[in-house]
Amino acid sequence: MFKKLVIGTAGSASAVLGYGVFAQDEWVYSNLIMPVVHRVLDGEDAHRFAVWAASKKLFPKSSFSPTESLMETRLLNLKFPNPLGMAAGFDKDGEGVEGIARLGFGFVEIGSVTPLPQPGNERPRVFRLNEDKAVINRYGFNSSGHEKVYENLQEYKKMKETDCVLGINLGKNKTSPSAVEDYSKGVHKFAGLADYLVVNVSSPNTPGLRNLQAKAELKKLIRGVMKARNLECKKGEKYCPPLLLKIAPDLSDKDKKDISDVVKEEKVDGLIVSNTTISRPDSLKNENKKETGGLSGAPLRELSTKTVKDMYTLTKGTVPIIGVGGIGSGADALEKIKAGASLVQVYSAITYQGPVIAKSILQELEELVKESGKSNVSELVGESANI
């Protein structure tokens with residue numbers, strides 16, 4: 001009798017899980033599948049498994065197709081099928097771009113990619129804060145390097161099936177003496193493969209990197225990297241990708257003003273706001289809050305949204321912004337958009353909601369756009385900002 005009960009219960013559980021996976025049921029993932037993953041795998045192993053699964057296209061393709069007239073976004077001379085992207089840091093080496101795009105994302109940003117391979121910091125370096133729906137990481141720009149990532153992306157281009165936009169986030173090697181040289185190498189290497197390029201000076205896990213956000217250093221860096229980009233443009237045979245700058249949320253008002261001045265003066269094509277934070281809100285409950293590294297997830301939402309709004313205001317809405325930090329729902333995405341983001345990205349929320357996160361956010365966001373009475377999501381950009 002007991003054996004039959006166990007077998008019956010196991011069978012029922014398997015049926016529920018099977019249904020949840022293929023029906024892409026958010027509740028099943030959030031309440032059943034992801035908690036099991038957390039018990040079986042630590043943060044980094046779960047991350048690596050997810051990237052591997054994406055590279056093998058093991059996740060079912062999203063069953064939701066956003067309404068083109070409402071959700072298609074044109075920005076940076078590019079057409080984004082919808083405004084939701086996967087942020088850099090998830091697929092660091094460009095191994096699973098197509099598998100990620102199949103989940104419903106309108107664009108995927110890979111990286112950060114460093115010129116030479118480097119292992120990053122020692123493990124453990126990824127910590128879940130379950131009660132806070134947050135993650136702390138101190139990966140430290142672990143990267144397979146330009147050559148391997150270039151090879152991966154060439155393979156992706158050959159088998160690409162979706163109309164997903166590809167961003168490549170560039171980093172510098174930890175021991176490199178020249179940031180300008182490292183970022184410029186990335187531009188020269190990937191200008192022909194990327195739909196857009198990102199200069200990441202905001203990771204808290206590479207010593208001295210955030211110092212590049214200071215006005216004089218930033219101006220020197222941007223000028224050097226823009227020169228490299230413009231050289232690629234002049235070659236003619238290569239597409240000329242827009243160049244964006246990714247900044248931290250831990251900035252003073254003066255820092256933000258200085259960055260906005262440099263971005264406008266040097267004609268940077270866009271901003272990504274923001275990276276992880278080194279701050280620790282008093283609301284954090286999980287004991288892992290003591291770990292060093294960058295905090296992402298739900299506790300970052302308000303700070304990153306404020307930074308989006310501040311940068312949108314300082315640039316008077318003339319510099320396109322991709323908003324990232326703490327997005328876990330369509331309402332969160334709309335909050336970023338109203339603050340001034342033309343596009344939004346997620347990453348940490350997939351830790352708790354699983355691979356159905358894109359479908360869930362896009363369904364809710366589309367309904368909210370319909371309720372607003374607007375004909376396209378882009379009409380809501382900056383609605384709550386004061387310019």
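Under the convention that each Lys and Arg Cβ holds +1 and each Asp and Glu Cβ holds -1, the size of the dipole of the range 47-130 around its Cα centre is about 240 debye. Per residue, the Cα convex hull of the range 305-387 amounts to 77 Å³. Extending 7 Å from the Cα toward the beta-carbon at both Asn211 and Lys285 defines two label points whose distance is 4.0 nm. Each of Ser378, Ser252, Ala191 was scored by the projection of its Cα onto the charge dipole of the chain, and the greatest displacement toward the positive side belongs to Ala191; charges sit on the C-beta of Lys, Arg, Asp and Glu. Helix 253-265 versus the longest principal axis of the chain: what is the Cα-based angle in degrees, 0 to 90, to the nearest 10? The two axes meet at around 70 degrees. A DSSP coil position with no more than 11 other Cβ atoms inside 10 Å describes the following GluC sites (Glu not before Pro) in the range 199-254: Glu237.
Here the alpha carbons of the range 16-168 define both size measures, Rg and Dmax, at 16.4, 47 Å. In the full protein context, the chain carries 43 Å² of accessible surface per residue, based on a 1.4 Å probe and ignoring ligands, DNA and RNA. This model, with +1 at the C-beta of Lys and Arg and -1 at the C-beta of Asp and Glu, gives the chain a dipole about its Cα centre of some 680 debye.
The orientation-averaged projection of the convex hull spanning the C-alpha atoms of the chain amounts to 19.9 square nanometres.
Given that compact globular proteins tend to follow 2.2 N^0.38 Å, what is the ratio of the alpha-carbon Rg of the range 228-387 to that value?
Values: Rg = 17.0 Å, N = 160, 2.2 N^0.38 = 15.1 Å.
Rounded to two decimals, the normalised Rg is 1.12.
By accessible area, using a 1.4 Å probe on protein heavy atoms only, the chain has 54% of its surface on carbon and sulfur.
Note on the chain: with a GNM built from Cα contacts shorter than 10 Å, the maximum mean-square fluctuation among Gly293, Gly192, Gly323 falls on Gly192. If the Kirkwood radius is taken over C-alpha pairs of the range 103-252, then at 20 °C and 1.002 mPa s the Stokes-Einstein diffusion coefficient equals 131 µm²/s. Any idea what the alpha-carbon Rg over 2.2 N^0.38 Å comes to for the range 89-181? Dividing the Cα radius of gyration by 2.2 N^0.38 Å gives 1.20. Treating each Cα of the range 252-324 as one equal point scatterer and applying the Debye formula with no solvent, the log10 of I(q)/I(0) at q = 0.22 Å⁻¹ comes out as -0.95. Using alpha carbons only, how many degrees (0 to 90, rounded to 10) separate the axis of helix 43-55 from the longest principal axis of the chain? Orientation of helix 43-55: about 90 degrees from the principal axis.
The values are calculated or read from the model by the stated rules, or taken from the named source; none is laboratory data. Everything numeric in this text was worked out from a predicted model, so none of it was measured. Cβ: placed from backbone, ideal geometry, glycine included. Neighbour counts: every protein chain shown. Remember, those area values only see protein heavy atoms, side chains included, never the ligands or the DNA or RNA. Shrake-Rupley method; radii C 1.70, N 1.55, O 1.52, S 1.80 Å.
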